[in-house]
Each structure stands twice: as structure tokens, then as C-alpha cells.
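The values are calculated or read from the model by the stated rules, or taken from the named source; none is laboratory data. For clarity, every value in this text was computed on a predicted model and none was experimentally measured. Every residue, glycine as well, gets a Cβ built from its backbone with ideal geometry; the counts of neighbours run over all protein chains shown. Side chains are part of the model used for accessible areas, which takes the heavy atoms of the whole protein and leaves out ligands, DNA and RNA. Shrake-Rupley method; radii C 1.70, N 1.55, O 1.52, S 1.80 Å.
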Amino acid sequence: MTSNNPQPDKMQRQAIEAEAARLVVLLESSTDPADRDAAHRWVASHPYHAVAYASAADTWKKGERIRLRADEQGLSEEGGAPPLQSNGVSAARAPVMSRRAVTTALLSAAAAAVAGVGITRHFALFGDRRITKKGQREFARLTDGSSISMNGDTSLDVVMDGNSRKVRLLRGEAMFDIARDEKRPFFVDLGDSEIRVLGTKFNIRRKEGVTELAVTEGVVLVTNNGAAPVNVRAGSSAVIRPGIATTLIQDPALVRERVAWTEGFLEFEEKPLDEVVEEFNRYRTNPLVIGDPRIAGTLITGRFGLGESDEFVLALESSFDIKTSKGGNGSIVLLQVN
């Protein structure tokens, strides 16, 4: 297939996705430069090849925990024998997948991810505006090898050319994984402030009147109009308010909390209930509503899936003096038990 056919049909897409998944698995184990060169040529031969390969590689990376689990259990190619205890007796263990089964599962998952199955869609960005709806997440691979994971209700513009790399984050939240380029710094335009990096990984969330930054790798330079520039390093976060000195927070736990959404979770550590409800409502069609101000400051600690707000409500009812009632438009009202 050549670049003259930028929109492959369904059968062609399936073939491309299967080949992308096969190449990802091959390059994880092959040390032959010829294999890597051939894979690179295939990826560069068509825009959809690049999208499919990026998706398959992302799926494979997320499956590393499964493969590590298999290695820790001492599995052979077909599963192998259980490890021995010190007395020579086979130790009992929970069933786990063989390496071959894991590979097959990851190949299938990679193809499904590229096809758009699930809540995350994959696409390539070459210089345009992207918008996600509430509750929707998307993954973007940029032409320089960088990537952006967009959370729901997010809007951004991408400007990529031979001289500059820039994203204008208009609203919402995104996780940036920036390929290093000494000659072309990467900028994130926030209107009254700007983020500058050479190559690093960080999360930005724009809220009304404030921007939250969390850095997981490298160093990020924050330039805030009317305030001194601030370097934010891995494991640290910052609160950016236009024209006011940027507040630097050195708290790795807070960074993990702010980027948990990229793994499909919401994580809270002693957070007031009103803030927790606000987070869950970002992913709900019918909102949670605090109907009694006495419970707004209830401190919450826990880790929940993005779609587990109903389970969260049940946990509230069982752990606190909180009850629920149905409100207008399908909302759930949280009240204190009298």
C-alpha cells in the first residue's frame, strides 16, 4: 500500500493493524538491525502505518506488567512447572497466562485499540485542532515522535513544522510525552503563560483561573507573564496563575494523583468530598450533587476507576453518615444522615 491511498478500507486497515502488532512484538525480542530497519521503512511508508504502529506499541507497553508477572512465576514457553519451595514441594500458585498466550492476547488488544474499540481512540496529528467530548479520551502521535493523551472536554491546537513545535491548550487536560530535540524546543501555549521543554513527560490541566502542572520525567520551564520563570522537575508539580508567582509543590504523591487518569483511575489522598465529586462529574452524564454543606469537607482517600462513580457512592453510604436521593435530570444528591 502506498501513500496515494491515505484512507484504507476496512480489510486493509485490519491487515495493517495485524502487521503493526506483529512488528511491535518482533522488535521487542529481535536484535537484528535488519528487522528494525524493515519495520521503520514500513511505518514510514503510509500515515496509517504510523498510527497503527503507535497504537500497537502503546498497548504492548501497557502489557509489560502481565509479562513481568509471567517472568516472576518462572514460566516456560508453555507455562512450565511451578516453582519449588525450600522443602522441594511444588508451591501452589494462581493460574497465569503462558508467554505465548500473553503475546496472542496483546496482538488482539493492539488491533482492537487501533480499530477504536473502547474509550480511547488513536490518531496522528500533523497540525490541526482536536476536541474531545466529556468522558472521552484520545491518544495522539505527533510527527516528531511525541505524543499527547487528551482527557475529556479538552481542546487544543497543534502547530508542527520544520522550525517549531507548539501546542495551544485551549481548555481541559492533556498528558504530554515529548521527544527530545535540542534544536526545536517544544512549547505549550496557555495564553498568559507558557511551558517550554526539550524532551520530557508532563501533565497539564487548565481550570478556570488556574493551571495545574505535574512533571513525571525531565524538567519543564514555566514562563508566567509578570512573574519569574520557574523550573519544575520530575516528581514535582506547580500551580500557575496568570501574573502571579508560580507555586512549586515538591510532592511525588500529588504528581501520581494528578496523572492517574492516564491509567484509567482517579486517586485521592485526604481530599475534600466536594473536590472528589467535581472529579467524578468530569466522567458522568448525570452529575453527583452535594445537597448538604455539612458533608462537603469530608476527607476521602481511595483509588477508583474513571467509570466507578456508582461504586464510589456505595462506598460513601457504607463508610460515612451519608445517604443519597434522586435529583432532577437524573442527578444523585448526597445528603448527611440526620
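Taken as a whole, the condition of being aliphatic (A, V, I, L, M), closer than 19 Å to ASP144 by Cα, surrounded by 13 or more Cβ atoms within 10 Å (Cβ to Cβ) and modelled with pLDDT of 75 or more does not apply to VAL51. The single residue among ARG294, ARG282, ARG303 that is touching a Phe, Trp or Tyr at 6+ places or on another chain (Cβ under 8 Å) and open to solvent by 30 Å² or more (accessible area, probe 1.4 Å) turns out to be ARG303.
For ASN231, indicate whether it is in contact (Cβ under 8 Å) with a residue 12 or more places away in the chain, of a type outside the set (A, V, I, L, M) and closer than 16 Å to ILE148 by Cα. Against the criterion (in contact (Cβ under 8 Å) with a residue 12 or more places away in the chain, of a type outside the set (A, V, I, L, M) and closer than 16 Å to ILE148 by Cα), ASN231 does not qualify. Look at the range 242-264: where a residue is among the β-branched types (Val, Ile, Thr), no partner that is open to solvent by 60 Å² or more (accessible area, probe 1.4 Å) sits 6+ places away or on another chain with Cβ atoms under 7 Å. Of all residues in the range 145-157, those satisfying the criterion of being open to solvent by 10 Å² or more (accessible area, probe 1.4 Å) and either under 17 Å from VAL210 (Cα atoms) or out of contact with any Lys or Arg (no Cβ under 6 Å at 6 or more places or on another chain) (or both) are GLY145, SER149, ASP153. When the residues of the range 171-196 are filtered to those that are assigned to a strand (DSSP E or B) and over 19 Å from the mean Cα position of the chain (by Cα), which remaining residue is surrounded by the fewest Cβ atoms within 10 Å (Cβ to Cβ)? Top of the filtered list is ARG196. One residue stands out among those in the range 230-248 that are open to solvent by 50 Å² or more (accessible area, probe 1.4 Å) and either part of a strand (DSSP E or B) or modelled with pLDDT of 90 or more (or both): the one that is nearest to TYR283 (Cα to Cα), which is ARG241. For the range 215-228, the tally of residues that are more than 10 Å from ILE195 (Cα to Cα), open to solvent by 40 Å² or more (accessible area, probe 1.4 Å) and either within 22 Å of the chain's Cα centre (by Cα) or not small (Gly, Ala, Ser) (or both) stands at 4. Kindly evaluate LEU213 against the criterion of being assigned to a strand (DSSP E or B), under 17 Å from VAL255 (Cα atoms) and out of contact with any Lys or Arg (no Cβ under 7 Å at 6 or more places or on another chain). Here the answer is yes, as LEU213 does meet what is asked.
Would you mention how many residues in the range 322-338 are among the polar types (S, T, N, Q) and either modelled with pLDDT of 90 or more or open to solvent by less than 30 Å² (accessible area, probe 1.4 Å) (or both)? Adding up the residues that qualify gives 4.
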